[in-house]
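A.B. asks: Got a structure for you, written out below as structure tokens; questions coming shortly.
The values are calculated or read from the model by the stated rules, or taken from the named source; none is laboratory data. Model, not experiment: these values are computed from the prediction. Note that each Cβ is placed from the backbone with ideal geometry, even for glycine, and that neighbours are counted across all protein chains shown.
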Amino acid sequence: MSDEVARFDVVVIGAGPAGIVAALRAGDLGARTALIARGEIGGMAAHDGPVPVRTLAHAARLIRDARQLGQYGIAVGEPALDYARLLARVREVVEEVRDRALFGAQLEAAHVTVYEAAGAAHFADAHTIESERGVRIAGDKIIVCTGGVSRRLEVPGVELTSTHSDAWSLTRVPASMIVVGAGATGVQVASIFNAFGTRVDLFQAGPRILPTEDEDVATAVAEAFRQSGIRVHEAFGAIERFEPTEDGVRMVFVKDGVRDGIAAEVVVIAIGWTARTDGLDLGRAGVDTDARGFVGVDDSLRTSAPHVFAAGDVTGRLMLVPQALQDGFIAATNAVLSTATTIGDVVTPVGSFTDPEYAQVGLTEARARAAHDVLVVTVRLDETTRTTIDGQTLGFCKLVVDRRARTILGCHVVGERAVDIVQTAAIAMAGGMTVDALARIPLSFPTYSGILGRAAAIAARQLDVDAARNELTVAI
């Protein structure tokens, strides 16, 4: 390794969404900036996250839609999946996104020095970063954006299992699959491979899948999964071990003292995330991690070391691309300008491209009822025009409204275009709109966004009826 050290105002470690935006923002503010990437620019989001996953989910959706064509008088045969060709398409999409949408030209225009495929980086001292492929750079300020990795189970035989990353890189569709963990990642794996023809068993240790979602959402998705052929096992007990079989892996688990087992070709563990900080030598810079292993930050994304900031998944906050982008911008702003800008209370829509889709923004019904006097309105998708036209009537749109302020506290959707519907709700919430104001927007008909408008109109009318009834009661 060379003794020569290139010096910068800001060094950003990690080139996923948070790192790219942090480097771009620092460069735009006039700081001499370096961006060092373990592998290719884009990080997990481009190579192992939303981009490839959404491509696979799109293929699953196309298979579903192809089977629907006969209802509309279009004669075709049964769709057949060429998985090798699909994987080639995934690689094409990833490359196109990398070339066109990952800020390469902007980074160059901002005069950011990019060290791509530098290998794992670590702190040599408080201000110096070294990589396994010989890069040595120093920064007055450092921004850690190294992301996260799948959390592994600590049970015998776990080396026989796969992570979600391994699942996306399978060279063929397995006949059977066990997915352990039914949060956002696990249900996506289960949904996609079920559509591809795999027999899927989905296991969740807790009482319901999607434990962070509204309870009605979790119930509806679980029922839809079961109807589609996924075997959903909730509150299944505890895993004792994994053991090899002739053609796969057997999972042995125990519940209430009773031992049971199930075998499949592939077992995917999707039980959450931990920070990618192994080998980073954070202690040399005086950077502390929290009890979960994530880099601890304050509201300005500053770590325990005043010159080091952290952004994105490595902080263990909302581990999503939009939040990583915001984190990168805020961390770089504070690093360069020595400000204390905070993220604040941001409206955060979250959704997943399963079949059916689900999405949410704001408070769940249970959390809203604990703190507010609420009105809950639910519109079933089998009662709406666009879903009937498209033949996609499974699901619902739920609005949770504060009765007194008439503002939207939460929106939860299961079904076709759920993610898109919730984006509209998030904009309304961020703008502080009342349900009355949302209901008065003449959204195009028939559309999926119009379903949200219908829910708002029902809520506004119900609030008026309730108010009139209360006035009459007082008068009497």
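A.B. asks: Which helices (runs of 4 or more DSSP H) does the stretch 1-114 wholly contain that include 2 or more residues that are under 30 Å from residue 125 (Cβ atoms)?
C.D. replies: Hits in the stretch 1-114: 17-28, 43-47, 104-109.
A.B. asks: Next up: Do we find that residue 305 is part of a loop (DSSP other than H, G, I, E, B), touching a residue at least 24 places away in the same chain (Cβ under 8 Å) and hydrophobic (A, V, I, L, M, F, W, C) in this structure?
C.D. replies: yes
A.B. asks: Which condition does residue 288 not pass, out of (1) closer than 24 Å to residue 37 by Cα; (2) surrounded by fewer than 17 Cβ atoms within 10 Å (Cβ to Cβ); (3) at pLDDT below 95, if it passes all the others?
C.D. replies: (3)
A.B. asks: State yes or no: is residue 167 part of a loop (DSSP other than H, G, I, E, B) and in contact (Cβ under 8 Å) with a residue 40 or more places away in the chain?
C.D. replies: Against the criterion (part of a loop (DSSP other than H, G, I, E, B) and in contact (Cβ under 8 Å) with a residue 40 or more places away in the chain), residue 167 does not qualify.
A.B. asks: Have a look at 245, 289 and point out the one that is farther than 19 Å from residue 182 by Cβ, among the β-branched types (Val, Ile, Thr) and outside the structural domain of residue 127 (by TED's automatic domain parsing).
C.D. replies: 245 is the lone residue from the list that is farther than 19 Å from residue 182 by Cβ, among the β-branched types (Val, Ile, Thr) and outside the structural domain of residue 127 (by TED's automatic domain parsing).
A.B. asks: Quick check on my filter: what residues within the stretch 438-466 are farther than 16 Å from residue 417 by Cα, assigned to a loop (DSSP other than H, G, I, E, B) and not hydrophobic (A, V, I, L, M, F, W, C)?
C.D. replies: 440, 442, listed by residue number.
A.B. asks: Something else about it: Would you check if there is a residue in the stretch 79-95 being on the phi > 0 side of the Ramachandran plot and touching a residue at least 24 places away in the same chain (Cβ under 8 Å)?
C.D. replies: Among the residues of the stretch 79-95, not one is on the phi > 0 side of the Ramachandran plot and touching a residue at least 24 places away in the same chain (Cβ under 8 Å), which makes the answer no.
A.B. asks: Quick one: which strands (runs of 3 or more DSSP E) lie wholly within the stretch 370-437 and hold at least 3 residues that are among the hydrophobic types (A, V, I, L, M, F, W, C), under 22 Å from residue 354 (Cβ atoms) and touching a helix residue (DSSP H, G or I) at 6+ places or on another chain (Cβ under 7 Å)?
C.D. replies: 396-402, 408-414
A.B. asks: While we're on this one: Scan the stretch 340-382 for residues that are farther than 30 Å from residue 226 by Cα, in the same structural domain as residue 463 (by TED's automatic domain parsing) and without any contact (Cβ under 8 Å) to a residue 40 or more places away in the chain and jot them down.
C.D. replies: 370, 371, 372, 373, 374 - these are the residues of the stretch 340-382 that are farther than 30 Å from residue 226 by Cα, in the same structural domain as residue 463 (by TED's automatic domain parsing) and without any contact (Cβ under 8 Å) to a residue 40 or more places away in the chain.
A.B. asks: Counting only residues that are crowded, with 18+ Cβ neighbours inside 10 Å and touching a Ser or Thr at 6+ places or on another chain (Cβ under 6 Å), which one in the stretch 108-137 is farthest from residue 307 (Cα to Cα)?
C.D. replies: Only one residue fits best here, namely 118.
A.B. asks: For the stretch 24-57, give me each residue that is touching a Lys or Arg at 6+ places or on another chain (Cβ under 9 Å), at pLDDT 95 or above and surrounded by fewer than 20 Cβ atoms within 10 Å (Cβ to Cβ).
C.D. replies: The answer is 32, and nothing else.
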